[in-house]
Amino acid sequence: MLIIMKPNSTPQQIEAVVNTVKAHKLTPHITHGVETTIIAAVGEFHTPSTDPFEVLDGVESVKRISQPFKLGSRQVHPENSVFPIDGFNVGGNDIVVIAGPCAVESKSQILETAHAVREAGANALRGGVFKPRTSPYAFQGLGEEGLEYLAEAREQTGMPIVVEIMSQVQLDLMLKYVDVFQVGARNMQNFNLLRMLGETRKSVLLKRGLSATIEELLMSAEYILAGGNKQVILCERGIRTFETSTRNTTDINAIPVLKNLTHLPVILDPSHATGHADYVAPIARAGIAAGADGIIVEVHPDPAKAASDGKQSLKPEKFAEMVKQVKAIAEVMGRRIAPINKPVTAGW
């Protein structure tokens, strides 16, 4: 349920409401809005009467949360969530650009790519070190060695790093290196992993599953939010349909629908959505026009020799061209590409 406090409610009154929520074996989640404070009381097994809360001092009204995704709903948090990621904000008026190779293959490869995408305007560097491949015989990633290369790229470029996590057993290792945890499409409903990420306070980029509905994506995000981690970014990356001319079918509809249903930032992955480098820029442009808060794009200095997903990876020069196009569309929408605030260090 939602407990809406009066605009002039005191900290003591808010604390009394929180204590009452806990007394009913519910978990309070507080949102401080511009004019008032909203307390979401979320329970696992029961929903008590609103009467004990309506009579408390400082309470203006009590409402039921109609959506199954409670904490991600705009009923609980009407304004867009905005939170910082080392050097820029996600979810506000700025559009973020995340770029890098599907997999970290070598030190020289990731450093070359990092400097190239930074120069083109990227805000964060992506790179996989544990790879969930369809075939067990395909390249599985460099593991901690790859994390060390990414950390060096971060030091040289100032960009935070976005890395996919596949299992709970990788969490302790990755906490030492990673700025943003990416949960891939195949792990969207790995609920044990989501619960553990909810206990961290690092940003999580949650990708939509291959055949997941929008509600299922939001319910997966709810696992992270329920653990107290409010820094969740949703990612539309294409869904599996009967169409075979592209790797997946880009659900552009999902962007405005999600923006209507949830306060969480929404970004688009045009690389996995299309599976082909020729289609990445057009779909990236469409995503920004539809209201996406950012894009995550695969870039490789030599896609023909990439260990994975070379077909859908842009060359650095094509990526730079795409960023210029996205920037122009952002300006038409009254937005901008997030500025680069950190200087690039010497050494490359």
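The values are calculated or read from the model by the stated rules, or taken from the named source; none is laboratory data. Quick caveat: nothing in here was measured; it's all calculated off a predicted structure. As a convention, Cβ positions derive from the backbone with ideal geometry for all residues, glycine included, and neighbour counts pool all protein chains shown.
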Flag if Ile255 is surrounded by 20 or more Cβ atoms within 10 Å (Cβ to Cβ), outside any loop (DSSP other than H, G, I, E, B) and either touching an Asp or Glu at 6+ places or on another chain (Cβ under 9 Å) or at positive phi (or both)
yes
Enumerate the pairs (first residue in the range 25-52 and outside the structural domain of Glu222 (by TED's automatic domain parsing); second residue anywhere and at pLDDT 85 or above and of a type in the set (Phe, Trp, Tyr)) with beta-carbon separation below 8 Å, excluding pairs fewer than 6 apart on the same chain, so at least 6 apart or on different chains.
Ala41/Phe53
Pairs needed: first member in the range 273-293, basic (Lys, Arg); second member anywhere, crowded, with 20+ Cβ neighbours inside 10 Å and not in a loop (DSSP other than H, G, I, E, B); C-beta distance under 7 Å; at least 6 residues apart or different chains.
Arg285/Val326
Give the residue, chosen from Glu105, Glu79, that is out of contact with any helix residue (DSSP H, G or I) (no Cβ under 8 Å at 6 or more places or on another chain) and under 17 Å from Lys315 (Cα atoms).
Glu105
Answer with yes or no whether Gly347 is at pLDDT below 95 and either of a type in the set (Asp, Glu) or assigned by TED's automatic domain parsing to the domain that holds Gly141 (or both).
no
May I ask you to list pairs of residues, at least six apart or on different chains, whose Cβ atoms are under 9 Å apart, with the first in the range 6-18 being among the basic types (Lys, Arg) and the second being part of a helix (DSSP H, G or I)?
Lys6/Gln13
Using the structure shown, decide if Asp269 is more than 13 Å from Ile95 (Cβ to Cβ), crowded, with 24+ Cβ neighbours inside 10 Å and not aromatic (Phe, Trp, Tyr).
yes
Could you grab me the full set of residues in the range 130-154 that are of a type in the set (A, V, I, L, M) and either in contact (Cβ under 8 Å) with a residue 60 or more places away in the chain or not in a helix (DSSP H, G or I) (or both)?
Ala138, Leu142
Counting just the residues of the range 59-94 that are surrounded by 15 or more Cβ atoms within 10 Å (Cβ to Cβ) and within 23 Å of Gln156 (Cα to Cα), which one comes out nearest to the chain's Cα centre (by Cα)?
Val90
Taking Phe130 as the residue in question, decide whether it is crowded, with 21+ Cβ neighbours inside 10 Å, closer than 19 Å to His272 by Cβ, assigned by TED's automatic domain parsing to the domain that holds Gln109 and not hydroxyl-bearing (Ser, Thr, Tyr).
yes
Which one of the conditions (1) under 29 Å from Gln75 (Cβ atoms); (2) among the hydrophobic types (A, V, I, L, M, F, W, C); (3) in contact with a Phe, Trp or Tyr (Cβ under 9 Å, 6 or more places away or on another chain) does Met174 fail to meet, given that it meets all the rest?
(1)
Strands (runs of 3 or more DSSP E) fully within the range 11-113 counting 2 or more residues that are closer than 30 Å to Ser271 by Cα, β-branched (Val, Ile, Thr) and touching an Asp or Glu at 6+ places or on another chain (Cβ under 9 Å):
94-100
Return the only residue of Gly227, Gly294 being among the small types (Gly, Ala, Ser), assigned by TED's automatic domain parsing to the domain that holds Asn187 and buried (at least 19 other Cβ atoms within 10 Å of the Cβ).
Gly294
